[in-house]
Amino acid sequence: MTQTVTAIQNIDSDRLLTNLTQYASLMIENGAEASQVENQLITISEFLNVKINCAITLDTIFINLDSTSKTELIKVNSNAFNLQKVDALTQNTYALLTRQIDLNTYYDRIDRIEHKTINYPFWLRFIGAGLVSMPPFLLFQTTPITFLFGFFLGPTGYFLNSTVDRHVDLPYVANVFGAFTVAFLACVAGTFYPTTSVASLIIFGLLPLFPGTSIVNAIHEIIHNEMISGLIRLLQSLLSAGALGVGSTIAVVIFNALF
């Protein structure tokens with residue numbers, strides 16, 4: 001049975017401000033919407049009976065404790081995207097609000113979540129990427145070998161994209177490399193199996209890399225009048241999609257020049 005914490009201890013305003021900023025930064029960095037983060041910060045402050053002023057965008061976080069002169073203003077790198085961390089942070093906040101944990105435990109869990117690598121196992125991500133890229137072939141009359149190519153092209157591009165993204169700080173470079181790999185392998189498959197549609201293999205193989213969730217979040221933020229965050233996220237998504245197009249085009253041009 002979960003233990004219920006019946007009281008909130010005396011609050012250290014410095015630590016509270018630091019950890020709220022840390023929480024908001026992690027949420028934004030890993031793909032949460034700005035309006036969602038603002039609402040959760042306000043909910044936490046009301047629960048703790050502390051008044052705050054906050055302004056959250058996709059690249060900037062401003063938090064001020066109304067009862068003091070303390071203010072945090074930080075710049076956020078929002079290139080990462082890990083909804084599992086967002087879920088872990090949200091569950092941690094829920095545990096605080098329902099008094100399942102105390103404030104110090106809440107702070108400690110935020111620290112652990114920040115430094116913990118949270119991801120699905122390799123085999124599950126491989127199958128997931130394959131199932132994203134393969135089903136669209138059901139819309140067309142195609143051969144079993146095409147299904148097989150479609151299942152392996154998506155995960156191959158996805159994992160190369162993830163690997164490059166971990167080692168290269170430049171934005172969109174990973175998208176170019178991932179798309180290049182998918183398109184080049186699709187051209188190779190089309191050479192050995194002429195009945196295979198190279199264009200279809202490229203398009204559907206790129207689906208695991210397409211920033212669909214980010215575009216949906218951007219539209220949702222724009223609808224809710226979070227114009228700055230929404231437009232920034234939408235622009236990032238369009239640039240990411242454009243990088244996929246650049247990578248696949250380069251691959252096709254190089255393949256045609258070589259073969």
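The values are calculated or read from the model by the stated rules, or taken from the named source; none is laboratory data. No experiment lies behind these values; they were computed from the predicted model shown. As a convention, Cβ positions derive from the backbone with ideal geometry for all residues, glycine included, and neighbour counts pool all protein chains shown. Side chains included, ligands, DNA and RNA excluded: accessible areas come from the protein's heavy atoms. Shrake-Rupley method; radii C 1.70, N 1.55, O 1.52, S 1.80 Å.
If you go through region 20-68 one residue at a time, how many are closer than 30 Å to P211 by Cβ and either among the aromatic types (F, W, Y) or part of a helix (DSSP H, G or I) (or both)?
Of the residues in that region, 22 qualify.
Tell me which residues, restricted to region 144-162, are open to solvent by less than 30 Å² (accessible area, probe 1.4 Å) and modelled with pLDDT of 85 or more.
Of everything in region 144-162, those that are open to solvent by less than 30 Å² (accessible area, probe 1.4 Å) and modelled with pLDDT of 85 or more turn out to be L153, G154, P155, G157, N161, S162.
Determine whether A199 is crowded, with 20+ Cβ neighbours inside 10 Å and in a helix (DSSP H, G or I).
The answer is no for A199.
Looking at the structure I just gave you, is S240 part of a helix (DSSP H, G or I), hydroxyl-bearing (S, T, Y), under 16 Å from F81 (Cβ atoms) and open to solvent by less than 20 Å² (accessible area, probe 1.4 Å)?
So S240 passes the test.
Checking the conditions here, which among I254, I215 is on the phi < 0 side of the Ramachandran plot, touching a Ser or Thr at 6+ places or on another chain (Cβ under 9 Å) and surrounded by fewer than 18 Cβ atoms within 10 Å (Cβ to Cβ)?
From the options I254, I215, the qualifying one is I215.
Of the conditions (1) part of a helix (DSSP H, G or I); (2) more than 24 Å from F159 (Cβ to Cβ), R99 satisfies every one except a single condition; which number is it?
Here R99 clears every test but (1).
State all residues of region 75-91 that are touching a strand residue (DSSP E or B) at 6+ places or on another chain (Cβ under 8 Å) and open to solvent by 50 Å² or more (accessible area, probe 1.4 Å); if no residue qualifies, say none.
Residue satisfying the conditions is K75 alone.
Name the one entry in K75, K70 that is more than 28 Å from M227 (Cβ to Cβ), touching an Asp or Glu at 6+ places or on another chain (Cβ under 8 Å) and free of Cβ contacts under 8 Å to residues at least 60 places away in the same chain.
Just one listed residue meets the conditions, K70.
Checking the structure you have, find out if any residue of region 221-233 is out of contact with any Ser or Thr (no Cβ under 6 Å at 6 or more places or on another chain), within 30 Å of T142 (Cβ to Cβ) and open to solvent by 40 Å² or more (accessible area, probe 1.4 Å).
Within region 221-233 (the criterion being out of contact with any Ser or Thr (no Cβ under 6 Å at 6 or more places or on another chain), within 30 Å of T142 (Cβ to Cβ) and open to solvent by 40 Å² or more (accessible area, probe 1.4 Å)), the answer is no, since none of the residues qualifies.
Here are some residues: Y94, Y120, Y107. Which one is under 30 Å from P155 (Cα atoms) and either surrounded by fewer than 18 Cβ atoms within 10 Å (Cβ to Cβ) or touching a residue at least 24 places away in the same chain (Cβ under 8 Å) (or both)?
Y120
Working only within region 37-74, note down all residues that are touching a strand residue (DSSP E or B) at 6+ places or on another chain (Cβ under 6 Å), β-branched (V, I, T) and loosely packed, with under 13 Cβ neighbours inside 10 Å.
T71
Among the residues of region 164-185 satisfying the criterion of being assigned to a helix (DSSP H, G or I) and farther than 19 Å from L207 by Cβ, which is most open to solvent (accessible area, probe 1.4 Å)?
Out of the qualifying residues, it is R166.
Within region 23-30, is even one residue charged (D, E, K, R), out of contact with any strand residue (DSSP E or B) (no Cβ under 7 Å at 6 or more places or on another chain), under 23 Å from N225 (Cβ atoms) and modelled with pLDDT of 90 or more?
No; the residues of region 23-30 include none that is charged (D, E, K, R), out of contact with any strand residue (DSSP E or B) (no Cβ under 7 Å at 6 or more places or on another chain), under 23 Å from N225 (Cβ atoms) and modelled with pLDDT of 90 or more.
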